[in-house]
1. List the trypsin sites (Lys or Arg not before Pro) within segment B:307-355 that fall in a DSSP loop (any state other than H, G, I, E or B) and whose Cβ has at most 16 other Cβ atoms within 10 Å.
2. For labels at B:His170 and A:Glu37 in the simple 7 Å Cα→Cβ model, what's the distance in nm?
3. Just report the Cα centroid separation between segment B:45-66 and segment B:87-124, whole Å.
4. Please work out whether segment B:80-235 counts as rounded, prolate or oblate from its C-alpha gyration tensor, where a ≥ b ≥ c are the square roots of the eigenvalues and a/c under 1.5 means rounded, while otherwise a/b larger than b/c means prolate and anything else oblate?
5. Evaluate peptide A:31-41: per residue, the Cβ atoms of other protein chains within 10 Å of its Cβ; return the mean as an integer.
6. Ignoring the sites themselves, what is the longest stretch of chain B with no GluC sites (Glu not before Pro) in a DSSP loop and at most 15 other beta-carbon atoms within 10 Å?
7. How high is the relative contact order of segment B:83-239, in percent, counting Cα pairs under 8 Å that sit 6 or more residues apart?
8. For segment B:284-317 and chain A, compute the distance between their C-alpha centroids and round to whole Å.
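Just so it is clear, none of the values below were taken in a lab; they were calculated from the coordinates. Keep in mind that what you see is a predicted model, and the values were worked out from it rather than measured. Virtual Cβ from ideal backbone geometry, glycine too; neighbours counted across all protein chains shown.
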Amino acid sequence: MKVNVDQGRCCGAGQCVLIAPEVFDQRDEDGIVTLVEPSPAEGLQAAAREAAAVCPASAITIDGDQ
Amino acid sequence: MRENDLLRLPLPTDNPLEPPVEWEQLRGRCPVATVELPSGDQATYLTRYDHVKALLADPRFTRPTAEDGAARIAPEGAGGPAADGTTTLALPDRGEPHLRWRRQVGKYFTAKRMTALRPRMARIAEDLVDDMVRSGQPADLKAGLGFPLPVHVICHILGVPAVDRNRFSHWSDAFLNVSRYTGDQTGSAYAEFAEYMSAHIAATRAAPGDDLISMVIRESEGEGQGLTDDELLGTAMGLLVAGHETTANMIGKMVAMLLADRTRWERLLADPALVRTAVDEALRFDANLGFGIRRYLTEDVEVDGELLPSGTTVVCSMPAANRDERVFADADDMVLSRSPNPHLTFGAGPHACLGQSLARTELQVTLEVLLRKLPTLQLDVPVDELKRVEGLLVGGLRTVPVRW
């Protein structure tokens, strides 16, 4: 699994960080999403998928998902 | 439906927790409907998930201002500044300036910061529950917990004293309500509120702390960065209002929905790990979210094959979209483990609710504390005796009578 974030679309809602803090974070200076773990281990993949599915700005996409 | 049957908002329901029957009909047969607002003005009403989500993120649909001549919600002379748009806060509402403002303020509301507030929130919630229990049952959970908790928290974030909360409640109510006060009453409430907040900002400037206003003031002292004084005032007033009725009402509605069918509550008692998804499901399931979001069209746009001309006012029903079977399986069931749950209660796109991590954290903490301290909690009245609050912008229940 490969996670991508589009910082230009991010609206700083932070839902991804609440769901998967091991995979996503927000920059202190503007609250925009950052990627902590671009290739999450299997145990984190469901949370990463959920974060992508609920992002209110559709800023998170996932490649190579099974 | 479109030609013959002009629907009037708000749509009536028999039970305050149930959606109006029209939503399903509209989503199926007339997803682009003409409706009449309480002002008598007409607007276009959208109820399907895909339409509402796309519109909320579409820059051609702007927030209405007083100059737009958009359809008004409240009749002339009634309704707070948020309803008639005449006294809009001095905040940039579109384009690059809006983005700049949002990032400046939004960074205070990151998930990490809100998670760090959890212990404080839990302590406040526990104290409020203890007070409620001491006062005896039955109790009104909205007055005892739902309302004071978010007020304490937003006061902490803004650095304003929680002892002034009764005044904030009045100002916030006058700001958001569209039917309870006259235009004069809301006007003077607004003036008092602005005066209070200006004095608070001046005091914070003299003695800054580690609250949001202090942070913004510090960062606005650089070269051309940060917010203007007007923007700072608008931000402080806007956040106080936004942090008030919304979460306060949602706590009451969430608990009422979970207790309306007590197997839901029991499922959470058996598996408290469901709290996170249960909170988002309550946000999705809430049929009493309020009026919907108004948007104004600055150019011709096609929605569902129908041309909406420039100048159209659109009302997006997020709660109708949240019940769309095209997106949510078993949409009319409250599924506490639902995942993913891409509901639109906090909006979508560049205007998505800035405080959503705060709201989610408060709702999760409240539910955890209630499950732990009052596992025997139950509604003290039949569900159909619960009453909605008057006014349209933020939906809620007047009281949530409980016993334990």
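1. Here the sparse-neighbourhood loop sites are B:Arg326.
2. Rounded to a tenth, the inter-label distance reads 5.2 nm.
3. Value for the Cα centre distance between the two parts: 22 Å.
4. oblate
5. Other-chain Cβ atoms within 10 Å of each residue's Cβ, averaged: 2.
6. B:77-220
7. 30
8. Comparing the Cα centres of segment B:284-317 and chain A, I get a distance of 29 Å.
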